[in-house]
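Visitor: Have a look at the structure that comes next, please.
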Amino acid sequence: MEMSAEITARLKMRPGKRTNDPDGLRKRVLDVAEASFQARGYHASSLGDLMAAAGVTGGALHHHFPTKKALALAVIEERVSAAVDETWIAPVQAAGSAREGVRSVFEAVAAELEQQGFVRGCPLNNLAHELSLADADFRAALAGIFSAWRQAIADKVRADQQAGREQDTDPQRFAALAVATYSGAMSMAKTTQDSGVLRDCLNALEQGASPVSSSKGGAGAKRRRRVLRQYKAF
């Protein structure tokens, strides 16, 4: 869910020859808005700047997106949701196990960021920090994506359990811990501009959420329960 340099380049687009392509125009506006919200934030992205970058008139923009809020909701529901699905949900579903899927995502994102050389953060995380307290509609749209993300991981754990694995793992709590760890890691990586944080957090996640013995008095079990209680509200 880290935006590539290609998307940022779309902010430098200039108006071209007009064509009767409503779908293409709508896509172009979404491309530019997605990039700007990620690089600058929603509040710092003016409609005037977005129109200039996309090469569209005010009338054309408002035909597809009557308000800036409507545009932001479209970015969240169509682009950010799709990014979570592509980056997280699909890989986890295709993996041999939930743990393998989570590990593969952390490692793939860390490798991409290392190659890219900078960290803009997770688009979902960035918008959640900026917009969740500003508007109930934004909050609901963002919460729905987080919920689908957690559910996909939990469902994979349940599939593992049906196959005889992960019998000591609570699916919902493991999913909440995985999402919280990734979200926190991306925030720290963005702040420090160090993608290595993702690998550190992956190691901590694997140690803190590893299967434990059935002994309730074991130190490992107590530590695991303490960690998971922090995320009970997710």
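Visitor: Compute the Cα gyration tensor for segment 127-217, then decide on rounded, prolate or oblate, letting a ≥ b ≥ c be the square roots of its eigenvalues: rounded whenever a/c is under 1.5, prolate when a/b is larger than b/c in the other cases, and oblate in all that remain. Walk me through the numbers on the way to the answer.
Guide: Numbers: a/c = 2.74, a/b = 1.43, b/c = 1.91.
Oblate, since a/c reaches 1.5 and b/c is not below a/b.
Visitor: Taking square-rooted eigenvalues a ≥ b ≥ c of the alpha carbon gyration tensor, is segment 15-161 rounded, prolate or oblate, where a/c under 1.5 means rounded and, failing that, a/b exceeding b/c means prolate?
Guide: Verdict is prolate for segment 15-161.
Visitor: On to the next question. What share of all Cα pairs of segment 144-195, in percent, falls into each consecutive 5 Å distance bin?
Guide: Reading upward from the zero bin: 5, 22, 21, 18, 14, 11, 6, 3, 1.
Visitor: On to the next question. Given Ala159, Leu127, Thr169, which one lies farthest toward the positive end of the charge dipole of segment 72-175, if we put +1 on the Cβ of every Lys and Arg and -1 on the Cβ of every Asp and Glu?
Guide: Of Ala159, Leu127, Thr169, it is Thr169.
Visitor: Segment 125-141 to segment 38-84: how many Å between their Cα centroids?
Guide: Centre-to-centre (Cα) distance: 15 Å.
Visitor: May I pose another question? Just by accessible area at a 1.4 angstrom probe, what is the order of Leu25, Leu131 from largest to smallest? Show your work: numbers first, answer last.
Guide: Values: Leu25 35, Leu131 0 Å².
The residues order as Leu25, Leu131, largest area first.
Visitor: What does the convex hull of the Cα atoms of segment 115-165 come to per residue, in Å³, rounded to a whole number?
Guide: Each residue corresponds to 100 Å³ of Cα convex hull volume.
Visitor: Please give me, ordered by residue number, the chymotrypsin sites (Phe, Trp or Tyr not before Pro) of segment 73-127 that lie in loop per DSSP and have at most 15 other Cβ atoms within 10 Å.
Guide: On the way: sites: Trp88, Phe106, Phe118; in loops: Phe118.
Qualifying residues, ordered by number: Phe118.
Visitor: Roughly how much of Ser187 is accessible, in Å² to the nearest 10, using a 1.4 Å probe?
Guide: Answer for Ser187: close to 40 Å² accessible.
Visitor: Could I ask something else about it? I need the shape label for segment 77-149. Rule: rounded when a/c is under 1.5, else prolate if a/b > b/c, else oblate, with a, b, c from the alpha carbon gyration tensor.
Guide: Since a/c reaches 1.5 but b/c is at least a/b, the shape of segment 77-149 is classed as oblate.
Visitor: Continuing with the same structure: So what is the relative contact order of segment 80-140, in percent, for Cα pairs below 8 Å that sit 6 or more residues apart?
Guide: That works out to 23 percent.
The values are calculated or read from the model by the stated rules, or taken from the named source; none is laboratory data. As the structure is a prediction and not an experimental result, all values here were calculated from the model. Every residue, glycine as well, gets a Cβ built from its backbone with ideal geometry; the counts of neighbours run over all protein chains shown. The protein model used for the area step is the full one, side chains on, heavy atoms only, and it has no ligands, DNA or RNA in it. Shrake-Rupley method; radii C 1.70, N 1.55, O 1.52, S 1.80 Å.
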